[in-house]
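This report refers to the structure that appears directly beneath it.
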Amino acid sequence: MKAKRITMLGVLTAIAVILSFLESFLDFSFLAPGVKIGLANAVTVVLLFYGKRLDAFAVGVCRVILSAVAFGSPVTFMYAFAGFILSFFVMLAVGKLNVSPFLVSVAGGIFHNAGQTAAALILYGKAMLAYLPVLLLFGCISGALIGVLCALLCKNKNIKMLLE
Amino acid sequence: MVKKKEIIIFAVILCLLTVWVGFSALAKTEGSKVAVTVDGKTEIYSLNENQTVKLPRNTVVIENGEVFVKNAECPNQICVKTGKISKAGEQIACLPNKVLVEIRK
């Protein structure tokens with residue numbers, strides 16, 4: 001059982017890093033610098049949905065660190081980490097309200113960008129607040145798109161079998 | 001699996017955020033000064049005066065009431081791609097080089 005869990009987490013981390021890598025090709029920087037759609041968050045949402053909070057957190061942290069080392073920078077790491085931490089705990093709270101993965105993902109998308117803006121405020125001062133409305137709107141829309149994906153993934157019987 | 005109530009909650013949040021984005025876009029006014037911050041130090045330039053500001057890793061150009069970053073030594077080139085800005089509150093950020101160009105009233 002232990003070996004299965006370790007293998008599962010390794011595979012899920014790899015999937016999350018690959019999703020991060022793929023979305024780094026999607027350029028939304030005309031909206032605000034460093035905007036991403038958050039594909040890798042699907043892994044976190046699915047794990048949270050099955051009640052594996054510690055696993056979701058561990059896979060998320062590893063994904064953020066590995067992505068930054070492989071194709072990011074210390075600055076992108078700080079943004080991604082701040083965004084992940086805030087979105088994770090908000091998703092944890094929203095997940096307890098007995099809602100579907102869709103709404104959890106929407107909350108995650110919005111608060112990921114709120115966390116990033118908070119990091120930018122510390123680094124660059126209050127001028128970065130100008131990006132907040134656009135970032136939150138984008139987080140809401142991308143969170144919804146990823147949320148549809150999450151809802152489909154959570155319904156899948158094979159995934160259910162693997163995670164339980 | 002996604003309940004109707006959740007779609008409504010999502011729609012309400014989406015509408016609120018859209019309204020907020022709309023208002024913040026309408027609230028933009030003409031600017032007159034350009035604040036260039038490099039690594040925490042800010043220099044102010046006039047927006048109405050054509051000039052080129054050379055920074056260690058970026059070149060900022062002020063031309064005909066508009067500002068843009070002409071070139072940058074960074075991998076992503078986000079600041080160059082941002083293009084021209086002219087309204088108060090608009091910004092160009094180069095995160096890797098810690099450069100922030102901002103228009104002020």
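Derivation of every value follows stated rules applied to the coordinates shown; laboratory data play no part. Remember, predicted model here, so these are calculated numbers, not experimental data. Note that we place each Cβ from the backbone using ideal geometry, even for glycine, and neighbour counts take in every protein chain shown.
Which of the residues spanning the stretch A:1-14 are within 16 Å of A:G60 (Cα to Cα) and either surrounded by 16 or more Cβ atoms within 10 Å (Cβ to Cβ) or among the charged types (D, E, K, R) (or both)?
A:R5, A:M8, A:L9, A:L12, A:T13
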Subject >> Of the criteria (1) surrounded by fewer than 24 Cβ atoms within 10 Å (Cβ to Cβ); (2) closer than 30 Å to B:I85 by Cα; (3) in contact (Cβ under 8 Å) with a residue 24 or more places away in the chain; (4) among the polar types (S, T, N, Q), which one A:S73 fails >> reply: (3)
**OP:** Select, from A:L152, A:L103, the only residue that is over 14 Å from the mean Cα position of the chain (by Cα) and either more than 9 Å from chain B (Cβ to nearest Cβ) or in a helix (DSSP H, G or I) (or both).
**Re:** A:L152
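Considering only residues of the stretch B:1-51 that are in a loop (DSSP other than H, G, I, E, B) and of a type in the set (A, V, I, L, M, F, W, C), which is nearest to A:K155 (Cα to Cα)?
Taking the stretch B:1-51 first, the residues in a loop (DSSP other than H, G, I, E, B) are B:1-3, B:27-29, B:31-32, B:39-40, B:47-50.
Okay, now just the ones that are also of a type in the set (A, V, I, L, M, F, W, C), so B:1-2, B:27, B:47.
Details: B:M1: 8, B:V2: 11, B:A27: 44, B:L47: 56 Å.
Once the filter is applied, the top-ranked residue is B:M1.
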Subject >> Pick from the stretch A:79-93, criterion without any contact (Cβ under 8 Å) to a residue 40 or more places away in the chain and surrounded by fewer than 18 Cβ atoms within 10 Å (Cβ to Cβ), ranking: nearest to A:G139 (Cα to Cα) >> reply: A:F89
Subject >> Selected residue [of a type in the set (A, V, I, L, M, F, W, C), without any contact (Cβ under 8 Å) to a residue 40 or more places away in the chain and within 11 Å of chain B (Cβ to nearest Cβ)] from A:L121, A:L135, A:L129 >> reply: A:L129
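Would you be able to tell me the number of residues in the stretch B:62-87 that are more than 26 Å from A:T76 (Cα to Cα) and either part of a strand (DSSP E or B) or within 10 Å of chain A (Cβ to nearest Cβ) (or both)?
Looking only at that region, the number is 4.
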Subject >> Top-ranked residue in the stretch B:1-55 [being among the acidic types (D, E) and surrounded by fewer than 11 Cβ atoms within 10 Å (Cβ to Cβ); ranked as farthest from the other protein chains (Cβ to nearest Cβ)] >> reply: B:E49
